[in-house]
Every structure is written in structure tokens, then in C-alpha cells.
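Okay, structure first, notes after.
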Amino acid sequence: MRRVTLTQFLIEQQRAGRISPDLRLLIEVVARAVKAISVNVSKGALAGVLGEAGTDNVQGEAQKKLDVIANEILLQANEWGGHLAAMASEEVETVHQIPFDYPKGGFLLLFDPLDGSSNIDVNISVGTIFSVLRNPAGGSEPTEANFLQPGSEQVAAGYAVYGPFTQLVLTVGNGVHGFTLDREMGSFVYTQPFMTIPVDTQEFAINASNARFWEQPVKRYVDEMQAGKGGPLGKDYNMRWVASMVADVHRILTRGGIFMYPMDEKCRAKGGKLRLMYEANPMAMLVEQAGGAASTGRERIMDLKPTELHQRVPVILGSKNEVERVVSYHLEG
Ligand code: AFP
């Protein structure tokens with residue numbers, strides 16, 4: 001089979017009029033940053049990149065050294081790239097402006113530089129998640145308000161998963177496409193065209209240690225799945241939980257499943273656990289583009305009108321029929 005690189009794939013998307021030259025080049029800059037992060041992640045203790053950085057992020061969480069390294073790599077690469085008006089990162093309190101002496105572009109980039117960082121030191125897959133919006137601020141410096149656009153306004157979304165091998169999964173609104181990093185060539189090769197989530201599944205992902213905090217609809221759904229073939233759903237389910245959203249969602253984009261980090265009494269005060277702008281929205285766009293569904297349990301995630309940059313929301317996504325079942329339990333009240 002003819003090996004197609006990410007660059008060739010993006011040029012073909014541009015020739016087909018699906019993306020602008022600027023968006024193509026922006027995605028290329030993000031892909032280059034992801035390669036550099038992959039090299040750092042893969043070195044582990046050999047490069048002294050494991051462990052805590054000794055600092056906390058805007059969420060009050062202890063930062064891992066690789067959180068800081070990945071964040072710096074993405075900020076520096078995209079400041080220089082020239083396709084952005086501004087950026088927002090899980091690791092940065094507010095909007096990161098492009099330095100005055102660098103060229104600027106028409107897009108806004110949001111990212112979680114290293115998702116699942118609590119898994120780094122135990123060598124479990126982690127990832128980078130990104131989302132691209134248009135800059136409504138025209139020539140003036142974008143404010144936080146300019147970033148607060150519904151997920152349906154995203155022009156591109158993707159993630160990289162740093163596991164046994166590194167993959168980049170991307171949508172520009174024309175299906176979901178997977179690329180594998182060829183370390184020798186130093187380029188991403190197109191390996192999974194049009195990734196699709198089956199509408200039904202027998203695999204679920206949830207942090208079951210939170211069961212006592214769950215709302216009734218989720219308790220009911222998980223009980224019914226665990227009742228197996230003899231229960232109301234009439235089939236046996238298996239469970240997986242990596243605690244890296246990127247890895248759990250990648251499994252679902254590859255073979256189906258349902259992922260849940262629902263509202264519960266433990267995270268209710270924060271509005272949920274996962275971040276809307278750089279976790280839930282990009283994953284929701286990918287999942288919907290692959291034929292799945294993404295909800296808070298009560299609303300379509302991509303319809304949510306954001307109120308804050310680091311806002312948290314409940315997330316239930318994956319195989320359409322299962323997500324619709326959980327939503328129906330929530331709406332039954
Ligand atoms: P970290 O980046 O702090 O490890 O959090 C990962 C995450 O945001 C998401 O990737 C996981 O799905 C979820 O949190 C794991 O949460 P639990 O630790 O409660 O299982």
C-alpha cells in the first residue's frame with residue numbers, strides 16, 4: 001500500500017477545499033511539537049524527566065516535569081509558527097498571547113499538553129489533546145471571552161497518544177483519521193482512515209472507585225451492565241479504566257466502547273472532573289465525527305456555551321446507542 005504521510009494527507013484535504021493553507025500549516029506545527037514531546041516521554045528516567053516539577057498548575061494540581069516540558073514545547077513551537085492569534089493551555093492560568101515580534105494568524109489553539117500525567121511515572125500511556133477555533137477578535141489581542149465558543153465551532157481537533165508507539169488522531173470535519181509516527185523517517189504515516197465507532201458495545205470505562213458518589217442514572221446503568229446476560233441489557237460487558245482520557249478514548253475510537261466521567265457528589269462543586277475546552281470538546285468532535293455521541297448526561301457537549309477557560313463538565317461519550325441509553329436514564333429523572 002502507498003504510504004501517505006500526514007503532510008500529503010493535509011495537502012489533499014486542502015486541494016479538496018476542506019481546509020485552508022493556514023490550518024494545514026498550523027496542524028503541521030502541532031504535529032512537530034508532538035514528535036518532540038514523544039521523544040521526551042519515551043526517554044523517561046534516562047532523560048531525568050520523571051517525577052514532580054515542584055510547581056502547581058492553575059487547577060492547583062502538582063505539575064509533573066513532563067507537564068511543564070510538553071507545555072513549553074507546544075507554546076514555543078506555536079508562538080513561532082505564525083498561524084495563531086493566541087493560545088490556551090491546561091497548564092496556563094489565562095490566554096497566552098503571541099509575542100509582538102512574531103507573525104500572527106487567524107486561529108486560536110487550546111491544548112492539554114500532557115493528559116494522564118499521573119500515569120507517566122508508571123509508564124502507562126499518556127497523551128496531548130488539542131482543539132482549534134477561529135479568532136473572532138480580528139486584529140486585536142484575543143481575550144478569554146474570544147475562546148469561549150461552543151465545541152460545534154471547532155475547525156479541527158485531535159490528540160496524540162504516547163504508548164507502545166506514538167499515534168496522532170485528527171479531524172478537520174471530514175471523519176477521523178489516525179497516523180502512526182515512523183521514528184526512522186521522523187514523520188507521521190496515515191494508518192487508520194475514517195476511524196468509526198460501532199453504535200453498540202460491550203465495553204465500558206468509568207472510575208468505579210467513585211461509585212458511592214454517582215447519581216442514580218449512572219448507578220442504574222452500571223448495575224445493569226454488571227448484571228450481564230441475565231440482566232435487562234441481555235449481554236455481558238467488560239470494563240477498562242486507564243485513567244488517561246486519551247488512552248481510554250483512543251480504545252473507543254479503535255474498537256468501540258463507552259467512557260464516563262459523570263457528574264458525582266465528589267466533583268459537583270467543580271462542575272465535573274474533566275475540562276470542557278481542551279478535553280471534552282475536542283474529544284466530542286472526534287467521537288461525533290466517528291459516528292459516536294458525546295453528552296454531559298443531559299446535554300450534547302458540543303452545544304454547551306462555555307463560561308470559563310478551565311471549566312469542568314461531566315462527560316459520557318462513545319458508542320451511540322449506549323450513550324443515548326444513559327442520557328435517557330438521566331432525562332427520565
Ligand atoms: P491527570 O492528567 O491529572 O492524570 O488527569 C487525567 C484525567 O484528566 C483524564 O485523563 C482521566 O480520564 C481522569 O483524569 C482520571 O481521573 P481519575 O484519576 O479520577 O481516575
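The values are calculated or read from the model by the stated rules, or taken from the named source; none is laboratory data. Please read all numbers here as calculations on a predicted model, not as lab measurements. Here the Cβ positions follow ideal geometry from the backbone for every residue, glycine too, while neighbour counts run over all protein chains shown. Ligands, DNA and RNA are excluded from the accessible area calculation, which covers all protein heavy atoms including side chains. Shrake-Rupley method; radii C 1.70, N 1.55, O 1.52, S 1.80 Å.
In table form, for the structure just shown:
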item: Check on Lys219, under 19 Å from Val327 (Cβ atoms), part of a helix (DSSP H, G or I), modelled with pLDDT of 95 or more and of a type outside the set (A, V, I, L, M, F, W, C); result: yes
item: Members of segment 126-143 found to be of a type in the set (Ser, Thr, Tyr) and surrounded by 24 or more Cβ atoms within 10 Å (Cβ to Cβ), listed by number; result: Thr128, Ser131
item: Residue among Ala284, Ala269 that alone is open to solvent by less than 40 Å² (accessible area, probe 1.4 Å), in a helix (DSSP H, G or I), away from the ligand (no atom under 12 Å from the Cβ) and among the small types (Gly, Ala, Ser); result: Ala284
item: Residue within segment 144-158 that is surrounded by fewer than 16 Cβ atoms within 10 Å (Cβ to Cβ), assigned to a loop (DSSP other than H, G, I, E, B) and modelled with pLDDT of 95 or more present; result: no
item: Condition met for Val68 (touching a strand residue (DSSP E or B) at 6+ places or on another chain (Cβ under 9 Å), of a type in the set (A, V, I, L, M) and touching a residue at least 40 places away in the same chain (Cβ under 8 Å)); result: no
item: Test: residue in segment 212-233 that is under 30 Å from Gly173 (Cα atoms), away from the ligand (no atom under 14 Å from the Cβ) and open to solvent by 20 Å² or more (accessible area, probe 1.4 Å); result: no
item: Subset tally (residues that are surrounded by fewer than 18 Cβ atoms within 10 Å (Cβ to Cβ) and either within 14 Å of the ligand (Cβ to nearest atom) or closer than 15 Å to Gln311 by Cα (or both)) for segment 56-89; result: 6
item: Close pairs (6 angstrom Cβ cut-off, 6 or more residues apart or separate chains): in contact (Cβ under 8 Å) with a residue 24 or more places away in the chain in segment 260-285, open to solvent by 30 Å² or more (accessible area, probe 1.4 Å) and assigned to a helix (DSSP H, G or I) anywhere; result: Asp264/Phe213; Glu265/Phe213; Lys266/Phe213
item: Looking only at segment 166-192, and only at residues there that are out of contact with any helix residue (DSSP H, G or I) (no Cβ under 9 Å at 6 or more places or on another chain) and assigned to a loop (DSSP other than H, G, I, E, B), the one that is surrounded by the fewest Cβ atoms within 10 Å (Cβ to Cβ); result: Glu184
item: Qualifying residue in segment 90-109 (condition: within 13 Å of the ligand (Cβ to nearest atom) and under 12 Å from Leu309 (Cα atoms)); result: yes
item: Residues satisfying the stated conditions in segment 240-266, i.e. within 13 Å of the ligand (Cβ to nearest atom) and of a type in the set (A, V, I, L, M, F, W, C); result: Trp241, Val242, Ala243, Met245, Val246, Ala247, Val249, Ile252, Phe259, Met260
item: Contacts under 7 angstrom Cβ, first residue in segment 140-167 being under 30 Å from Val122 (Cβ atoms) and in contact (Cβ under 8 Å) with a residue 60 or more places away in the chain, partner polar (S, T, N, Q) and open to solvent by 10 Å² or more (accessible area, probe 1.4 Å), 6 or more apart; result: Ala160/Gln167; Val161/Ser125; Val161/Gln167; Tyr162/Ser125; Gly163/Ser125; Gln167/Thr180
